[in-house]
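The values are calculated or read from the model by the stated rules, or taken from the named source; none is laboratory data. All of these numbers come straight from a predicted model, not from anything done at the bench. As a convention, Cβ positions derive from the backbone with ideal geometry for all residues, glycine included, and neighbour counts pool all protein chains shown.
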Amino acid sequence: MLDKSIPFAAVLMTKHDIGIFPRYRLPAGYRFCLYRAGMEQDWARLQAESGQVDGLDAAETLFRNEFLQEPDMAARQCLFVADEHTAFIAATASLWFGDHFGERHARIHWVTVDTAYQGRGLAKALLSRLLEQHQDQSSDWLYLTTQTWSYKAIGLYRRFGFLPYRGPKPVNWKSRDEDFIQDTGRAWDLIEHQLAGRA
């Protein structure tokens, strides 16, 4: 769940040791499924409900623009978790690609769990599955983008070996060069403070 009570800042995390991460499996009663036509509505519901996107229409448009430009890849890389008893789509995450660093790199993208299903290990299982998939596909490092409001998720990403990115401004990052390192430092200080308060 997002914590919008603190200042917003976008940050990046990178993972170079791609073979080192915890292996979690889905709990009983859940199964993985890959994207098929129509599931953009499930994805949109998850994003809108989480507060990451403002409204269902905006979320569906975002899915079409981000994922359906490459529908074959969406059918391989957009992962969902279904409740086996109700067929309800409870969570999603994708192994996608981004060019924030000036060249195409794999990224963990749009990790979201329905509020009613949080705390059941679904996000851990999704991350394990996607990192296994990445390891099968590539030996290259990968990354993710997130924000201060998601510090709870950042704590999870760190357990999977993602590290805060504090280097020079990535070439495709929307900020001024002279502000990036200072702004990123402040954002990570805030995240560390919030995580320390949860310990």
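Before moving on, here are some points about what is shown:
- Within segment 40-64, the set of residues being more than 17 Å from the chain's Cα centre (by Cα) and either closer than 21 Å to Ser128 by Cβ or of a type outside the set (D, E, K, R) (or both) comprises Gln41, Gly55, Leu56, Ala58, Thr61.
- Meets criteria (basic (Lys, Arg), out of contact with any Asp or Glu (no Cβ under 6 Å at 6 or more places or on another chain) and either modelled with pLDDT of 95 or more or on the phi > 0 side of the Ramachandran plot (or both)) for Arg31: no
- Only one of the listed residues (Gly51, Gly102, Gly119) is over 26 Å from Tyr151 (Cβ atoms) and among the small types (Gly, Ala, Ser). That residue is Gly102.
- Test: residue in segment 51-74 that is assigned to a strand (DSSP E or B), closer than 14 Å to Arg36 by Cβ, touching a residue at least 24 places away in the same chain (Cβ under 8 Å) and of a type outside the set (Gly, Ala, Ser): no
- Every residue from segment 58-79 that is surrounded by 14 or more Cβ atoms within 10 Å (Cβ to Cβ) and acidic (Asp, Glu): Glu60, Glu66
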